[in-house]
Amino acid sequence: MATNPTFTISDLAREFDLTTRAIRFYEDMGLLQPQREGPGGRNRVYSARDRTRLKLTLRAKRLGLSLTEAREIIDMYDSPRDTGPQLRKFLVVLADHRRQLEEQMADLLANLDEVKVHEKEARALLAKVEKKTA
């Protein structure tokens, strides 16, 4: 009879290159729900489900989603309900995030253009200064 794999906080920290503090934070945010064992329930035992939720959380974080958004989406996939509403919610979240990224990109490009103008002006002034001293 096969048993479900379990993981310690150190196992997950090592596998995902995280601190144990970060994993406890994800736990506090409701993203992970390990079982407690040992004296006073001090030892956390993470299931394969917790490991998958952590993996999905980190993926959502790389996409730039908030932890609240990540939890909402991950929680939807935990439920056995119809996947249509889940996918629609995911698409809404992704569209909103894409819009935010596009706005940030436009701001960055405008900022970059401004930096280029100042660089050009500074180079021209420097050339005049160096010409006078030559």
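Here, each number is a calculation from the coordinates, and none is a lab measurement. Here the structure is a predicted model, which is why all the values come from computation and not from measurement. No Cβ is skipped: glycine too gets one built from the backbone with ideal geometry, and neighbour counts run over all protein chains shown.
Brief remarks follow.
- Neighbour-count order for Ser10, Ser47, fewest beta carbons within 10 angstrom listed first: Ser10, Ser47
- Extension gain from Thr8 to Lys89, taking 0.36 nm per residue of separation minus the Cα-Cα distance: 25.9 nm
- The residue list Ala134, Phe90, Thr6 was ranked by how far each Cα lies along the charge dipole of the chain toward its positive end, using unit charges on Cβ atoms, and Ala134 comes out on top.
- Taking the chain and dividing mean pair separation by its residue count, relative contact order in percent (alpha carbons under 8 Å, at least six apart): 16 percent
- Identified option (computed volume of the Cα convex hull per residue in Å³; candidates (i) 159; (ii) 179; (iii) 133): (ii)
- Cα centre as origin, Lys/Arg/Asp/Glu Cβ charges: region 81-134 dipole, Debye: 120 debye
- The dipole here belongs to the chain: it is taken about the Cα centre, uses +1 on the Cβ of Lys and Arg and -1 on the Cβ of Asp and Glu, and is about 300 debye.
- Ascending count of other beta-carbon atoms within 10 Å, so fewest first, for Arg51, Arg14, Arg62: Arg62, Arg14, Arg51
- Remark: spin-label model distance Glu102-Ala48 equals 4.0 nm, labels positioned 7 Å along the Cα→Cβ axis.
- Placing a pseudo-label 7 Å from each Cα along the Cα-to-Cβ vector at Arg21 and Asn111 gives an inter-label distance of 2.7 nm.
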